[in-house]
Amino acid sequence: MMRVKTFCGFGLFLAFVINSSAVSVTHHADPSFNAFADADHTPLSAGPQVGLTERVPNVTLAMPDELPPDAPQSYQVVDALGGLPFDRPMSIRVPPGETNRLFVSERPGRIIVVTNLATSGTGTFLDISSTVTMTGEGGLISFDFHPDFASNGYFYVYYSLNTTTALGSGYHLRLSRFQVSDSNPHWADPATEQVLFTQYHRRTNHNGGDVHFGPDGYLYVSLGDEGGGNDPYNNGQRIDGGFFSSVMRIDVDIQPGSIAPNPHPAIAGSTTNYAIPPDNPFIGVTEFNGETVDANEVRTEIYAIGLRNPFRFTFDAANGDLLLADVGQGAREEVNLITAGGNYGWKWREGLIPTPGIGTPPPGFTNWIDPLIEYTHGSATNQGRSITGGIVYYGDALPELLGHYIFGDYVSGHVWSMTHDGTNATSFNWLGTTPNIVSFGTDPRNGDVLIAGLNAGRLRRLERVAGEPGELPQTLSATGAFYDLENLVPFAGIVPYDLNLPFWSDNSLKKRWFSVPDPSEVIQFAPEGPWTFPDGTVWIKHFDLELVRGDPGSAQRLETRLLVKNDSGAGGY
């Protein structure tokens with residue numbers, strides 16, 4: 001195995017890291033064959049083992065002259081799971097602790113299970129398409145598995161339907177619990193449905209719609225402002241109305257200490273199928289935005305308020321941060337760090353600015369929380385117009401993205417990564433493009449980023465682009481440094497050297513070479529001060545470590561570094 005890694009500290013090295021059990025490079029024991037040859041296709045010779053025998057040119061080194069700033073990586077979005085087809089995929093989930101199954105909800109009202117990721121076999125896990133409506137932005141919007149799914153079989157689904165309740169007739173949004181079959185782990189009976197709430201919507205957009213269990217075991221659900229422009233129903237800054245413009249946090253296990261929610265027509269039946277965690281932030285509140293509210297009318301389910309259309313959110317597995325993307329109106333898209341009791345400003349704020357053309361907020365509106373990052377609309381920026389929240393990456397394949405929030409935009413198709421310090425974004429980088437992004441997920445086998453494109457009919461995967469010709473070599477053999485990789489014999493024109501006084505470095509064993517490829521060029525010696533080296537000079541340093549101190553036979557290869565002199569300084573590889 002061999003990979004290239006980036007060192008951004010002193011020396012700015014990229015090192016070829018070698019697994020001693022299998023060096024996956026091109027090596028030919030017959031010295032009459034070489035992958036590198038001169039213009040006449042004459043096989044090239046080895047360089048000296050000790051000292052300098054004669055000045056000869058080196059024509060094999062294939063290192064780039066310049067290291068790009070910050071050694072940027074290139075990414076692409078490709079089909080995942082062999083292009084396995086889905087009907088308008090909407091969200092991606094994996095049951096807790098599982099590594100070989102993947103579940104994908106389809107907008108028309110089905111959840112598809114990939115029963116074996118190795119073989120890509122599929123089945124219909126749940127089908128409620130006869131109940132679901134796709135009017136407006138509706139459909140089977142999201143779902144999640146109970147933390148104890150392996151033992152209780154519960155999962156929770158958020159979807160739109162046409163029905164009649166005490167609130168009205170027509171378009172509604174519903175949160176329900178279903179249960180997997182006792183006899184078939186790949187199927188759930190729609191008849192097991194237990195409704196938690198059914199909320200009437202006067203419009204068919206701004207449904208919000210993500211569903212996740214948090215690290216605290218409570219169920220979190222994001223809810224939009226009921227639709228329309230400029231929040232016409234004034235839901236954005238109200239905690240005593242309906243289930244709108246918020247992230248709700250509920251206890252579906254009804255644990256000791258949790259309390260009953262305040263009555264509301266959206267709650268199914270005379271009793272409820274959930275309770276309110278005792279530390280929810282609006283329990284007992286009698287004032288909001290400087291105005292008096294009745295504590296018995298407050299929607300104590302609310303965890304955070306002031307959101308327009310919080311379509312997708314996620315929890316950072318490392319620290320529990322709740323990162324939520326709120327779809328903007330006409331000016332800004334934003335990512336928020338959600339905290340208990342936080343007010344994120346809608347309808348008076350859009351991103352970091354007062355919402356254009358909406359007027360002056362009331363005097364009591366003073367304590368909003370700005371987003372971590374925003375981006376603007378418009379052809380000049382071409383960033384997007386409808387943000388889709390993502391995931392925090394902890395996969396195996398892209399270590400440079402560990403801990404980065406990966407998200408995208410439905411309209412532009414752009415995919416970005418972001419890091420933050422709790423108040424502001426500390427990095428924001430474009431990764432690739434794929435159309436109609438509606439959700440992100442992970443491959444449970446390796447943590448790869450999976451992306452659902454609504455109209456793509458398949459899932460896609462984020463991966464690194466292989467190096468292109470003329471870029472950084474991806475293997476040690478491709479550097480053109482060594483004629484014999486097994487014994488680290490350099491090509492001609494590369495000279496071994498050692499130090500009179502090496503420093504101690506964890507008992508690692510080092511070998512060193514250098515090359516001034518053009519014999520007409522020389523190193524300018526200075527008795528004091530720096531020496532001067534020709535552009536194109538290359539230094540090579542190889543590291544071994546004895547696993548048993550004093551036993552050369554136990555040595556394991558660690559890495560090989562190359563430093564290339566250029567007209568602006570040097571690039572380390």
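The values are calculated or read from the model by the stated rules, or taken from the named source; none is laboratory data. Not measured: the values here are computed from a predicted model. Positions of Cβ are backbone-derived with ideal geometry, glycine not excepted, and every protein chain shown enters the neighbour counts. Each accessible area value is taken on the protein alone, full model and side chains, heavy atoms only, with ligands, DNA and RNA left out. Shrake-Rupley method; radii C 1.70, N 1.55, O 1.52, S 1.80 Å.
A compact table of results
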quantity: Compactness of region 64-161 as Cα Rg over 2.2 N^0.38 Å, two decimals; calculated: 1.43
quantity: Label zone at R549, where the point sits 7 Å out along the Cα-to-Cβ direction: region 480-509 residues whose backbone N lies under 19 Å; calculated: 503-509
quantity: Relative contact order %, region 269-345, counting alpha carbon pairs below 8 Å whose residues are six or more apart; calculated: 26 percent
quantity: T119 versus N446: modelled label distance in nm, points set 7 Å from Cα along the beta carbon direction; calculated: 2.2 nm
quantity: Area of Y394 that stays accessible when all protein chains are in place (1.4 Å probe, Å², to 10); calculated: 100 Å²
quantity: Rounded accessible area per residue of the chain, 1.4 Å, Å²; calculated: 44 Å²
quantity: Using a Förster distance of 30 Å, the FRET efficiency for V59-L501 (Cβ separation, nearest 0.05); calculated: 0.35
quantity: Inter-probe distance in nm under a simple model that places probes 7 Å from Cα toward Cβ, at W531 and L402; calculated: 3.7 nm
quantity: Residue-span extension gain [A340 to I259] - 0.36 nm each, minus C-alpha spacing; calculated: 27.4 nm
quantity: Estimated 222 nm signal from helices in the chain, with DSSP H stretches of n ≥ 4 weighted -39500 (n - 2.57), rounded to 500; calculated: 0 deg cm²/dmol
quantity: Positive dipole terminus of region 479-573, leading residue within A526, A492, G571 (C-beta point charges); calculated: G571
quantity: Cut-off under 5 Å, modelled amide H: who pairs with D79 long-range; calculated: R461
quantity: L352, L459, L501, L337, ranked by accessible area, largest first (probe 1.4 Å); calculated: L501, L352, L337, L459
quantity: Cβ crowding within 10 Å averaged over residues, with 86-93, 276-283 ranked highest first; calculated: 86-93, 276-283
quantity: Cα-derived Rg to Rh of region 159-208, Kirkwood definition; calculated: 1.10
quantity: Cα-Cα separations in region 456-573 greater than 17 Å, expressed as whole percent; calculated: 68 percent
quantity: Portion, in percent, of the accessible area of the chain that falls on carbon or sulfur, probe 1.4 Å; calculated: 51 percent
quantity: Relative contact order for region 389-468, counting Cα pairs under 8 Å that sit 6 or more residues apart, in percent; calculated: 24 percent
quantity: Inter-site label distance for S520 and E297 at 7 Å from Cα along Cβ, in nm; calculated: 9.0 nm
quantity: Sequence of W368, W430 when ordered by accessible area, the most exposed leading, probe 1.4 angstrom; calculated: W430, W368
quantity: Cα centroid separation - region 371-416 against region 322-365, whole Å; calculated: 19 Å
quantity: Under 18 Å from K510, Cα to Cα: aspartates and glutamates that are on another chain or at least 8 residues apart; calculated: D484, E486, D498, D544, E546, D551, E559
quantity: Computed lengthening from A318 to E463, 0.36 nm per intervening residue step minus Cα-Cα distance; calculated: 50.0 nm
quantity: Assigned charges on the beta-carbon of Lys, Arg, Asp, Glu; region 290-388 dipole about Cα centre (debye); calculated: 320 debye
quantity: Student exercise, the chain dipole from Lys, Arg, Asp, Glu Cβ charges, in Debye to nearest 20; calculated: 860 debye
quantity: Estimated FRET transfer efficiency (L52, Q474; beta-carbon r; R0 22 Å; 0.05); calculated: 0.10
quantity: Cα pair distances exceeding 37 angstrom across the chain, given as percent; calculated: 45 percent
quantity: Karplus-derived 3J(HN,Hα), 6.51/-1.76/1.60, for each residue of region 172-183, Hz, glycine and proline x; calculated: 9, 10, 10, 10, 9, 9, 10, 9, 5, 5, 5, 9
quantity: Accessible area, probe 1.4 Å, largest first, for residues D240, D210; calculated: D240, D210
